[in-house]
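Q: Mind having a look at this structure? Questions to follow.
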2 protein chains.
Amino acid sequence: MGVRLYLEEGLQAGEAVRLSPPQAHYLGQVMRLSAGDRICLFNGKDGEWEAVLETLSKKNATAILKKMRRAQNRLPDLWLLFAPIKRDRIDILVEKATELGVTRLLPVLTERTTVRRVNAERLRAHAVEAAEQTERLCVPAFEDLAPLARVLAHWPSERRLLFCDETGGGAPILDALDAAGPGPWAVLIGPEGGFAPAELDALRGLPFVTPASLGPRVLRADTAAIAALTAWQAVLGDWQARPAFRVEKNAGEGKKRQP
Amino acid sequence: MGVRLYLEEGLQAGEAVRLSPPQAHYLGQVMRLSAGDRICLFNGKDGEWEAVLETLSKKNATAILKKMRRAQNRLPDLWLLFAPIKRDRIDILVEKATELGVTRLLPVLTERTTVRRVNAERLRAHAVEAAEQTERLCVPAFEDLAPLARVLAHWPSERRLLFCDETGGGAPILDALDAAGPGPWAVLIGPEGGFAPAELDALRGLPFVTPASLGPRVLRADTAAIAALTAWQAVLGDWQARPAFRVEKNAGEGKKRQP
């Protein structure tokens, strides 16, 4: 696969694009590439492109776009609402959510949220890096931190909200997802201290909420998020599809194309 | 819930047990407990006990066992075979595997394993801490690092091995698990560099191997492990059960007991 980088510029055959100074550093100093080497580029809109490095110095790099490798696709529509947790765990959470195909990240404040700030810039950088590595063609959108009550008050009624109820309410997660069916969804994960009783009551009363259980053990917030996103992709998401570039090797055994 | 600690001593009503110096430090300096306070203890054999701190100083603590809170149970029989990965990620992997109910951790060397050592003592400490937090009644067993080929050569034939085939072979994971059915299982996760072609061929030829796909995106080794363990617990494990101590609050809505 080689190096894949995300950028915001438009991508079109024959055009030259300028990469950022950190990308130039990464290509030259970390990956040891030089002018003439091939890389992949994507911007979340124009598909994935093969490009050739035209110039590469310590702080500057340009690349010429050669051909499109994959047309732009849309991921299944899946948001993640999460209460901020401490630094190393929130970094993991954002990385894993990106690998697991989340399209929008919404940090929310709950009553028992002890971490009251997020470093959006650092988290967005983690999401970009994870998107580059996981072969996504887009980077998750990132909302500003907002109180959960406000997010729920403006909730789009057609979007279901999977509420991982650590008090044991809700059906086992696969059953809950299967019964509710496909469409736009969001997963809600509370803070390490759990939801307050008033929050639990409010959530259980909302018509778009699907409560679900993640089994008999107590899971940390980041584990619960990864588990819920896994279950969603497996039941309602795109996990019936095969890896785009690796299908050929396995022709013969139940070959499927990506949607 | 309060504080839960794992220890190796036998647990019996009325007996006094001595806690380790790090546990005494944790109880007094971190949790700010003092003599007379209640804690929970478990040892993987005798259930979970309520105990009262009898003495507590900076380096020493003793507790008197009062009554059993939960009888010893057995978790579903699930091993995890994993190639060592770098330090922060292997710590996460062991923590999450413990939360997700793995009963035995088996680090294995594959052809492309770049990290060739594991710090078993540090990983075991992570597993103990995760077991304490996740309300397990046991700590996962930990095997010595061994070459994958040797582990497979001595494989117990009745145990199925879920092989997360990143090349896209195998059915989608929920289907693969559902088709293979319950019993003793293990999950195998390769190194960040993937399996070598000869390893892939060998794995595909083994009668106890169930290949499975984790969808179209490239997952890091730790993400793949967490996702596979989640799917296993949800389909074949104990995720039909409710949290042991939280059932009462939800009497009425689909109450179930743990097995």
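The values are calculated or read from the model by the stated rules, or taken from the named source; none is laboratory data. Here the structure is a predicted model, which is why all the values come from computation and not from measurement. Ideal geometry is used to build each Cβ from the backbone, glycine not excepted, and the neighbour counts take in all protein chains shown. The accessibility values were calculated without ligands, DNA or RNA, using every heavy atom of the protein model including side chains. Shrake-Rupley method; radii C 1.70, N 1.55, O 1.52, S 1.80 Å.
Q: For A:W239, work out the one condition from (1) more than 20 Å from B:T98 (Cβ to Cβ); (2) within 8 Å of chain B (Cβ to nearest Cβ); (3) free of Cβ contacts under 8 Å to residues at least 60 places away in the same chain; (4) surrounded by fewer than 23 Cβ atoms within 10 Å (Cβ to Cβ) it doesn't fulfil.
A: (4)
Q: Going through region B:91-117 one residue at a time, which ones are within 14 Å of chain A (Cβ to nearest Cβ) and in contact with a strand residue (DSSP E or B) (Cβ under 8 Å, 6 or more places away or on another chain)?
A: B:L93, B:V94, B:A97, B:G101, B:V102, B:T103
Q: I'm checking my understanding of the structure. Among residues of region B:164-193 that are in a loop (DSSP other than H, G, I, E, B) and of a type in the set (D, E), which one is modelled with the lowest pLDDT?
A: By that ranking, first place goes to B:E166.
Q: Evaluate the following for A:A227: is it surrounded by 23 or more Cβ atoms within 10 Å (Cβ to Cβ), aliphatic (A, V, I, L, M) and in a helix (DSSP H, G or I)?
A: yes
Q: Right, next: Just checking, does region B:198-208 include any residue being without any contact (Cβ under 8 Å) to a residue 40 or more places away in the chain, of a type outside the set (D, E) and away from chain A (no Cβ under 12 Å)?
A: Scanning region B:198-208, I find at least one residue that is without any contact (Cβ under 8 Å) to a residue 40 or more places away in the chain, of a type outside the set (D, E) and away from chain A (no Cβ under 12 Å), so the answer is yes.
Q: Can B:P197 be described as open to solvent by 10 Å² or more (accessible area, probe 1.4 Å) and either under 14 Å from B:L161 (Cα atoms) or at pLDDT 95 or above (or both)?
A: Considered against the rule, which asks whether it is open to solvent by 10 Å² or more (accessible area, probe 1.4 Å) and either under 14 Å from B:L161 (Cα atoms) or at pLDDT 95 or above (or both), B:P197 comes out as no.
Q: What is the number of the single condition among (1) open to solvent by less than 50 Å² (accessible area, probe 1.4 Å); (2) more than 7 Å from chain A (Cβ to nearest Cβ); (3) modelled with pLDDT of 95 or more that B:Q233 does not meet?
A: That leaves (2) as the condition not met.
Q: Given the conditions (1) surrounded by 15 or more Cβ atoms within 10 Å (Cβ to Cβ); (2) out of contact with any helix residue (DSSP H, G or I) (no Cβ under 6 Å at 6 or more places or on another chain); (3) among the charged types (D, E, K, R), which single one is not true for B:E8?
A: (1)
Q: Out of A:A131, A:A149, report the one residue that is within 14 Å of chain B (Cβ to nearest Cβ), in contact (Cβ under 8 Å) with a residue 40 or more places away in the chain and on the phi < 0 side of the Ramachandran plot.
A: That would be A:A131, the only listed residue that is within 14 Å of chain B (Cβ to nearest Cβ), in contact (Cβ under 8 Å) with a residue 40 or more places away in the chain and on the phi < 0 side of the Ramachandran plot.
Q: I need the full set of residues from region A:177-188 which are within 14 Å of chain B (Cβ to nearest Cβ) and either more than 17 Å from A:A212 (Cβ to Cβ) or open to solvent by less than 10 Å² (accessible area, probe 1.4 Å) (or both), in order please.
A: Matches in region A:177-188: A:L177, A:V187.
Q: Given the criteria assigned by TED's automatic domain parsing to the domain that holds A:T110 and touching a helix residue (DSSP H, G or I) at 6+ places or on another chain (Cβ under 9 Å), does A:G168 qualify? Write out each step before concluding.
A: Values: assigned by TED's automatic domain parsing to the domain that holds A:T110: yes; touching a helix residue (DSSP H, G or I) at 6+ places or on another chain (Cβ under 9 Å): yes.
It is true that A:G168 is assigned by TED's automatic domain parsing to the domain that holds A:T110 and touching a helix residue (DSSP H, G or I) at 6+ places or on another chain (Cβ under 9 Å).
Q: Which residue is farthest from B:A180 (Cα to Cα), if the candidates are limited to region B:200-215 and must be outside any helix (DSSP H, G or I) and open to solvent by 10 Å² or more (accessible area, probe 1.4 Å)?
A: The residue in question is B:L214.
Q: Can you name every residue in region B:166-175 that is under 20 Å from B:T230 (Cα atoms), open to solvent by less than 20 Å² (accessible area, probe 1.4 Å) and more than 22 Å from the chain's Cα centre (by Cα)?
A: If the condition is that a residue be under 20 Å from B:T230 (Cα atoms), open to solvent by less than 20 Å² (accessible area, probe 1.4 Å) and more than 22 Å from the chain's Cα centre (by Cα), then B:G168, B:G169, B:G170, B:P172 are the ones that fit.
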